[in-house]
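Trainee: Take this structure, written in structure tokens, and hold onto it; I'll ask about it next.
All of the numbers you see were taken from the coordinates with simple rules; none came from a lab. If you're wondering where the values come from, they're calculated on a predicted model, not measured in any experiment. Glycine gets a Cβ as well: all are built from the backbone with ideal geometry, and neighbour counts include every protein chain shown.
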């Protein structure tokens, strides 16, 4: 039986090199914050409870952490002053339940490429080694500012030395600390309590727990990972873009291997959780995020932006479509330049054409709105045609109201339906009609305003404005 595993996620830093007004961990990759990515990996690896250490923009970071998970809600610890990673870990440890007796996983919230599988493998290696403390190490060509892993004559880890405090021999070491630790809660209580800030930066280094554990005669295990990019931290906009490119490349390869055509993989921005069926074609400069699920044989043309959408088979999304939190049935034709807002549901075989906007709109099978309409808070039946310029007037200045339109209706161009209102089946709404009350099945709804004409009016109007009218050669 495995010992329970808790986790401490360090998310207190400001990230000054990002040159940003928001905390570093709130920046996004593929539409998901760095914090959410790290937090989900830790939870998926089996850690519970989880404590997030916050500091800079603490309330915003708490809100983002709480919304990142569906079931488990993390706890929080506050680091009021930036006194180093060791101080942050100490505060996170204090926020764990007093009776917790198990292992603690510690990692950073700015390492978004970490996989749950890797963390699980690391925890398994820690337990098999029966170590008091384990850390992940990677070997890189350019160690830069990473802490160097110093080993003794027997090859065992002796200490981790930060680059700012390292001498020439230590700086030449290519094995570096990845920033992920696992230790028994008793080991952490002992070593974190002994940390001192006698170093070049006058901070409490979390890395010092390695040397402290060795001096106590405790076993320290280094788990070498062959995927160094998985532990890349984000400290600048450039590094953010580099990891974004890496994640995008991995996702795009997986999709293409599964039978999806990406016309220009370099400009296909698709989230890791997105599912796309075979023989679907994704055009250039398309962005698909969230929990989107797209069927087979779908064609998505360039510049589409999709989040949390479900799209059936054999659909065609034309240039510039934007859709969010909506369902599109099979064999639908959308766009170009259509906007499907949250709550839109298309039953199938629908057309939503250019410059049509929908919001909380349910369209029955075969219903079409081909151009220049607003359909908000509306239920529309099957085989109904919505003409150009039709508006459901759903807002009275205080509340939203529902419009209902039946099956096989024809709603003529430039008509307005003042909600709440119900239009029956087989109704014909004449062009230019303002529908203010319910219309019975099979009826014609028309606003009968007689056309008036004033002969000679144009000439008089021009004379008043000293305008001689159109000049011809």
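Trainee: In what sequence do 134, 437, 236 fall when counting other Cβ within 10 Å, fewest first?
Mentor: Ascending Cβ contact count within 10 Å gives the list 437, 236, 134.
Trainee: Provide 421, 140, 54, 61 in ascending order of the number of other Cβ atoms located within 10 Å of each residue's Cβ, fewest first. Please list the in-between numbers first.
Mentor: Values: 421 19, 140 15, 54 30, 61 25.
So the residues, fewest neighbours to most, are 140, 421, 61, 54.
Trainee: Given R₀ = 41 Å, what would the calculated FRET efficiency be for residue 59 paired with residue 226, taking r from the Cβ atoms and rounding to 0.05?
Mentor: Given R0 = 41 Å and the Cβ-Cβ separation, E is 0.55.
Trainee: How much mean residue ellipticity at 222 nm does the chain get from its helices, if each DSSP H run of length 4 or more adds -39500 (n - 2.57) and you divide by all residues, to the nearest 500 deg cm²/dmol? The partial results should precede the final answer.
Mentor: Values: 9 runs with 95 residues, N = 473.
After summing the helix terms and dividing by residue count, I get -6000 deg cm²/dmol.
Trainee: Residues of the range 378-400 with the amide nitrogen closer than 20 Å to a label point 7 Å from the Cα of residue 414, along Cα-to-Cβ, please.
Mentor: Answer for the range 378-400: 385-393.
Trainee: Evaluate the relative contact order of the chain (contact order divided by residue number), counting alpha-carbon pairs under 8 angstrom at least 6 apart; express in whole percent.
Mentor: Numbers: 1203 pairs, mean separation 36.4, N = 473.
Relative contact order here is 8 percent.
Trainee: May I pose another question? Can you sort 305, 223 so the residue with the fewest Cβ neighbours within 10 Å comes first?
Mentor: Numbers: 305 16, 223 20.
Final ranking by Cβ density, sparse to dense: 305, 223.
Trainee: Same structure again: Evaluate the relative contact order of the range 99-237 (contact order divided by residue number), counting alpha-carbon pairs under 8 angstrom at least 6 apart; express in whole percent.
Mentor: Values: 236 pairs, mean separation 53.4, N = 139.
Worked out over the range 99-237, it gives 38 percent.
Trainee: May I ask you to derive the FRET efficiency for residue 172 and residue 296 from their Cβ-Cβ distance with R0 = 41 Å, giving the value to the nearest 0.05?
Mentor: Working: r = 54 Å, r/R0 = 1.32.
Given R0 = 41 Å and the Cβ-Cβ separation, E is 0.15.
Trainee: When Kirkwood radius over Cα pairs in Å is calculated directly from the model, which label among [x] 26.4; [y] 27.6; [z] 22.6 fits?
Mentor: [x]
Trainee: Let me ask something else. When ranked by the protection proxy of mean other Cβ atoms within 10 Å per residue, highest first, what sequence do the peptides 284-293, 455-464, 24-33, 105-114 form?
Mentor: Values: 284-293: 18.6, 455-464: 9.5, 24-33: 21.2, 105-114: 25.1.
Listed from highest to lowest mean packing, they are 105-114, 24-33, 284-293, 455-464.
Trainee: A follow-up question, please. Ranked from highest to lowest mean number of other Cβ atoms within 10 Å per residue, what is the order of the peptides 34-42, 336-344, 438-446?
Mentor: Result, highest mean Cβ count within 10 Å first: 34-42, 336-344, 438-446.
Trainee: Would any residue of the range 18-62 have its amide N under 17 Å from a label point 7 Å out along Cα→Cβ of residue 71? List them or say none.
Mentor: Residues 39-50 fall inside that zone.
Trainee: Taking the chain as the reference, fit the longest principal axis to its C-alpha atoms, fit the long axis of helix 116-129 to the helix C-alpha atoms, and give the angle between the two in degrees, 0 to 90, nearest 10.
Mentor: So the helix axis and the longest Cα principal axis differ by about 20 degrees.
Trainee: Right, another one. Order 151-160, 120-129 from most to least packed using the mean count of other Cβ atoms within 10 Å.
Mentor: On the way: 151-160: 14.2, 120-129: 17.2.
Ranking the peptides 151-160, 120-129 by packing returns 120-129, 151-160.
Trainee: Continuing with this model, one more query. Pairwise over distinct Cα atoms, reciprocal of the mean inverse distance: report the Kirkwood radius of the range 372-446 in Å, one decimal place. Before the final figure, lay out the partial values.
Mentor: Working: mean 1/r = 0.0851 Å⁻¹.
It works out to 11.7 Å.
Trainee: Taking only C-alpha pairs under 8 Å that are 6+ residues apart, what is the relative contact order of the range 315-472 in percent?
Mentor: Values: 465 pairs, mean separation 18.0, N = 158.
Relative contact order of the range 315-472: 11 percent.
Trainee: Further question on the same structure: If you stretched the chain out fully between residue 78 and residue 165, how much longer would it get, using 0.36 nm times the residue separation minus the C-alpha to C-alpha distance? Walk me through the numbers on the way to the answer.
Mentor: Working: separation 87, 0.36 × 87 = 31.32 nm, distance 2.75 nm.
Result for the pair: 28.6 nm of gain on full extension.
Trainee: Taking R0 as 30 Å, what's the FRET efficiency between residue 186 and residue 121 from their Cβ-Cβ distance, rounded to 0.05? Please report the intermediate quantities before stating the final value.
Mentor: Values: r = 24 Å, r/R0 = 0.79.
The formula returns an efficiency of 0.80 here.
Trainee: Between the range 382-426 and the range 16-30, what is the C-alpha centre distance in whole Å?
Mentor: Taking the Cα centre of each part, the range 382-426 and the range 16-30 sit 44 Å apart.
Trainee: So if each residue of separation counts as 0.36 nm, and I subtract the Cα-Cα distance between residue 152 and residue 460, what length gain in nm does that give? Don't jump to the answer; show the numbers that get you there.
Mentor: On the way: separation 308, 0.36 × 308 = 110.88 nm, distance 10.24 nm.
Contour length minus the Cα-Cα distance gives 100.6 nm.
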